[in-house]
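S.K.: Structure in structure tokens, see below.
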Amino acid sequence: MSVRIRMMLPLVVVLAAVVGYPLAYSFYLSLTDYKITSRGDVAFRGLEQYDNALNDPDYVQALLTTGTFVVSAVVLELAIGMLLALALQQQRWVRNLSRSFLLAPMFITPIAVGLMFRFLLNSQLGAIPSLLNGLGVSMDFFGSGTALWTIVAIDVWQWTPFMMLMLLAGLEGLPKQPFEAARVDGASALFTFRKVTIPLLRPVIVVAVLIRSLDALKVFEYVYATTRGGPGTETQTIQYLIYNTGITFFRLASASAMAYLLLAAVVVLAVLLFARIRRGGVL
């Protein structure tokens, strides 16, 4: 056995234990009818759980809810993050202080953020609804029709700084010559932004959107801390449905199949996007 293999062997063993075994065991469960409460033998069901998941209206609805959440949150974070990055790039005073202040939400754990907004936006006890009531505006932030958008707003509040940080780093690394040429030619600020800044910054934008989209797909803490999937199933995302199926209702086989279907979709999407980026293409 070569020295290289012997040095890598401990890492391989650790990865196999903490990553490989859970993945393999959950895949095995997805092929059975295993339930925590079942006392009988576990029966092999093949792809039946996958078929059940794909034909489950709740699963399809959770996928649509998650897709709506991801697209809405990432688009808003990209737009607001770009505006903040452009403003910070022009800032000359107290730059480090303002940047540190704007990055603060990123360092709070998501479950704490969810609990914080749960109390701030509570229709009976929350400070924000009370303030709005004083102005003559009545709004239930976690009611029907508004709950999902409230969760989107919470995600935007916490993760826009990440998008801003990525875009600001990209802006400060752009070459100066194209901007000087545009200025000499008399191009307006909007024209320079559309025709110079965006094309040069596009690789950074693609990577930032990809990272945030994959992270937003995992949304669970905000839903758990605020709405628990309600009202009804209006804010039931795919991660919360998998949690409910496996942990609340003990149907681990069904939950494993749902999780693997999501994993397969995310892996295919990520591989296609990375392949396009590697070829120098854009979205």
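The values are calculated or read from the model by the stated rules, or taken from the named source; none is laboratory data. Owing to the predicted nature of the structure, the values given are computational and were not obtained by experimental measurement. Cβ sites come from the backbone with ideal geometry, for glycine too, and all protein chains shown count toward neighbours. The protein model used for the area step is the full one, side chains on, heavy atoms only, and it has no ligands, DNA or RNA in it. Shrake-Rupley method; radii C 1.70, N 1.55, O 1.52, S 1.80 Å.
S.K.: Being in contact (Cβ under 8 Å) with a residue 60 or more places away in the chain and either open to solvent by 60 Å² or more (accessible area, probe 1.4 Å) or in contact with a His (Cβ under 9 Å, 6 or more places away or on another chain) (or both) is the filter here; which residues of region 176-225 pass it?
M.R.: ARG202, PRO203, GLU221, TYR224, listed by residue number.
S.K.: Any residue that is free of Cβ contacts under 8 Å to residues at least 24 places away in the same chain and touching a strand residue (DSSP E or B) at 6+ places or on another chain (Cβ under 7 Å) - is there at least one of those in region 49-70?
M.R.: No, because not a single residue in region 49-70 is free of Cβ contacts under 8 Å to residues at least 24 places away in the same chain and touching a strand residue (DSSP E or B) at 6+ places or on another chain (Cβ under 7 Å).
S.K.: Give region 228-283 a look and list any residue that's over 18 Å from LEU23 (Cα atoms), small (Gly, Ala, Ser) and out of contact with any Leu (no Cβ under 8 Å at 6 or more places or on another chain), or say none.
M.R.: GLY230, GLY232, ALA275, GLY280, GLY281
S.K.: Are there any pairs, at least 6 apart or on different chains, whose C-beta atoms fall under 6 Å, with the first in region 122-140 and closer than 21 Å to ALA225 by Cα and the second assigned to a loop (DSSP other than H, G, I, E, B) and acidic (Asp, Glu), and if so, which?
M.R.: Going by the 6 Å Cβ cut-off, the qualifying pairs are SER123/ASP140.
S.K.: Just for region 96-110: of the residues that are open to solvent by 60 Å² or more (accessible area, probe 1.4 Å) and among the aliphatic types (A, V, I, L, M), which one is farthest from ILE154 (Cα to Cα)?
M.R.: First pass over region 96-110, keeping only residues open to solvent by 60 Å² or more (accessible area, probe 1.4 Å): 96-97, 100-101, 107-109.
Checking the rest, the ones that are also among the aliphatic types (A, V, I, L, M) come to 97, 108.
Numbers: LEU97: 23, ILE108: 12 Å.
Among those that are open to solvent by 60 Å² or more (accessible area, probe 1.4 Å) and among the aliphatic types (A, V, I, L, M), it is LEU97.
S.K.: Filter region 111-134 down to the residues that are among the hydrophobic types (A, V, I, L, M, F, W, C) and part of a loop (DSSP other than H, G, I, E, B), then identify the one that is surrounded by the fewest Cβ atoms within 10 Å (Cβ to Cβ). Before the answer, list the steps.
M.R.: Of all residues in region 111-134, those among the hydrophobic types (A, V, I, L, M, F, W, C) come to 111-113, 115-117, 119-121, 125, 127-128, 131-132.
Right, trim to part of a loop (DSSP other than H, G, I, E, B) and you get 121, 125.
Working: LEU121: 21, LEU125: 11.
The residue in question is LEU125.
S.K.: Can you list residue pairs whose Cβ atoms sit under 7 Å apart, with the first residue in region 8-36 being aliphatic (A, V, I, L, M) and the second being open to solvent by less than 60 Å² (accessible area, probe 1.4 Å) and part of a helix (DSSP H, G or I)? Count only pairs 6 or more apart in sequence or on different chains.
M.R.: Listed by first residue and then by second, the contacts come to LEU29/LEU252; LEU29/ALA253; LEU29/SER256; ILE36/LEU252.
S.K.: Just wondering, is there one or more residues in region 256-265 that are without any contact (Cβ under 8 Å) to a residue 40 or more places away in the chain, surrounded by fewer than 21 Cβ atoms within 10 Å (Cβ to Cβ), farther than 30 Å from ASP41 by Cα and of a type outside the set (D, E, K, R)? Spell out the reasoning first.
M.R.: Taking region 256-265 and keeping what is without any contact (Cβ under 8 Å) to a residue 40 or more places away in the chain, we get 263-265.
This time we only want the ones that are surrounded by fewer than 21 Cβ atoms within 10 Å (Cβ to Cβ), so: 263-265.
Filter once more, so that each one left must be farther than 30 Å from ASP41 by Cα: 265.
From the residues that got through so far, the ones that are of a type outside the set (D, E, K, R) too are 265.
Scanning region 256-265, I find at least one residue that is without any contact (Cβ under 8 Å) to a residue 40 or more places away in the chain, surrounded by fewer than 21 Cβ atoms within 10 Å (Cβ to Cβ), farther than 30 Å from ASP41 by Cα and of a type outside the set (D, E, K, R), so the answer is yes.
S.K.: Report whether or not ILE111 is in contact with a helix residue (DSSP H, G or I) (Cβ under 9 Å, 6 or more places away or on another chain) and in contact (Cβ under 8 Å) with a residue 60 or more places away in the chain. Even if it seems obvious, please write down each step before you answer.
M.R.: On the way: in contact with a helix residue (DSSP H, G or I) (Cβ under 9 Å, 6 or more places away or on another chain): yes; in contact (Cβ under 8 Å) with a residue 60 or more places away in the chain: yes.
Yes: the conditions hold for ILE111.
S.K.: Ok, one more. Does THR233 qualify as being of a type outside the set (Phe, Trp, Tyr) and more than 23 Å from LEU47 (Cα to Cα)? Give the derivation first.
M.R.: Numbers: of a type outside the set (Phe, Trp, Tyr): yes; more than 23 Å from LEU47 (Cα to Cα): yes.
Answer is yes for this residue.
S.K.: For region 243-255, how many residues are in contact (Cβ under 8 Å) with a residue 24 or more places away in the chain and in a helix (DSSP H, G or I)?
M.R.: Residues flagged as in contact (Cβ under 8 Å) with a residue 24 or more places away in the chain and in a helix (DSSP H, G or I) within region 243-255 amount to 3.
S.K.: Taking the criterion of being touching a strand residue (DSSP E or B) at 6+ places or on another chain (Cβ under 8 Å) and modelled with pLDDT of 90 or more, would at least one residue in region 247-260 satisfy it? Lay out the reasoning, then the answer.
M.R.: Initially, region 247-260 is screened for residues touching a strand residue (DSSP E or B) at 6+ places or on another chain (Cβ under 8 Å), giving 253.
When the remaining residues are screened for being modelled with pLDDT of 90 or more, the result is 253.
Among the residues of region 247-260, at least one is touching a strand residue (DSSP E or B) at 6+ places or on another chain (Cβ under 8 Å) and modelled with pLDDT of 90 or more, which makes the answer yes.
S.K.: Scan region 93-110 and tell me whether some residue there is under 21 Å from PHE220 (Cα atoms) and over 20 Å from the mean Cα position of the chain (by Cα).
M.R.: no
S.K.: Something else: Taking VAL152, is it at negative phi, open to solvent by less than 10 Å² (accessible area, probe 1.4 Å) and of a type in the set (Val, Ile, Thr)?
M.R.: Details: at negative phi: yes; open to solvent by less than 10 Å² (accessible area, probe 1.4 Å): yes; of a type in the set (Val, Ile, Thr): yes.
Yes, satisfied.
S.K.: Out of region 139-152, which residues are more than 15 Å from GLY67 (Cα to Cα), in a helix (DSSP H, G or I) and of a type in the set (A, V, I, L, M)?
M.R.: ALA147
S.K.: Considering only region 116-142, how many residues are under 20 Å from PRO161 (Cα atoms) and in contact with a helix residue (DSSP H, G or I) (Cβ under 7 Å, 6 or more places away or on another chain)?
M.R.: Looking only at region 116-142, we keep the residues that are under 20 Å from PRO161 (Cα atoms), and these are 116-117.
Checking which are in contact with a helix residue (DSSP H, G or I) (Cβ under 7 Å, 6 or more places away or on another chain) leaves us with 117.
Number satisfying all stated conditions: 1.
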